[in-house]
C-alpha cells in the first residue's frame, strides 16, 4: 500500500471525503505580495504588505485599541454634555438657592431685631409694645396691599 501512495502523482484535488485544505499564512502572504501578471487587468492588492494579504485590515487591527479608546472618550463626552452638565447646573442652582434663602432669612431676622431695638430705644422711650404695634401695623398694611394685587384663580382659567 505504501508503494501505491508513493507512485501516485500529487494532485491539487482533495479527496471527496476530506475537507479542502486551507493555504498557510506563508503561502497567502507570498501570493498577496506577488504582483499580478502584466495585462491581467486586476489591480494589485491594497495595503502595505504587512499582513497576510490584507494590509489595510492589519493596520486597523493594530489601531483598534486607539479607535476603541476614542469611541469610549466620545461616548463619555456625549454623556457628560447631555446628562452630567445639566445635572451639575441644576445641583449648583439648588445649592446656591438654598444658600441665598438661608442668608435672606438670617438677614431679615437681624433687620427686624435691629428695627425693633432702634424703635424701642430711640422712638418710644423703652416702650417695646409700641415698637411691636408699629411693626405689626406696617406688616398688616403690606399684606393688605399684596392681597389687593393678587389674581384670582377664576381669572387665570377664563
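Here, each number is a calculation from the coordinates, and none is a lab measurement. These figures come from a predicted structure and were not determined experimentally. Cβ atoms come from the backbone with ideal geometry, glycine included; neighbour counts cover every protein chain shown.
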Task: Length released on extending from residue 102 to residue 154, taking residue separation times 0.36 nm less the Cα-Cα span - done: 15.3 nm
TODO: Give me the Kirkwood hydrodynamic radius of the stretch 110-152, using the inverse of the mean 1/r over all pairs of distinct Cα atoms, in Å to one decimal.
DONE: 11.4
TODO: Express in whole angstrom the spacing between the alpha-carbon centres of the stretch 108-152 and the stretch 60-84.
DONE: 62
Open item on the list: Report the Rg/Rh value for the stretch 44-157, based on alpha-carbon coordinates and the Kirkwood definition of Rh.
Closed with: 1.59
Open item on the list: Report the gain in length on full extension from residue 111 to residue 64: 0.36 nm times residue separation, minus Cα-Cα distance, nm rounded to one decimal.
Closed with: 10.2 nm
Task: Spacing of the two label points (7 Å from each Cα toward its C-beta) at residue 129 and residue 80, in nm - done: 6.8
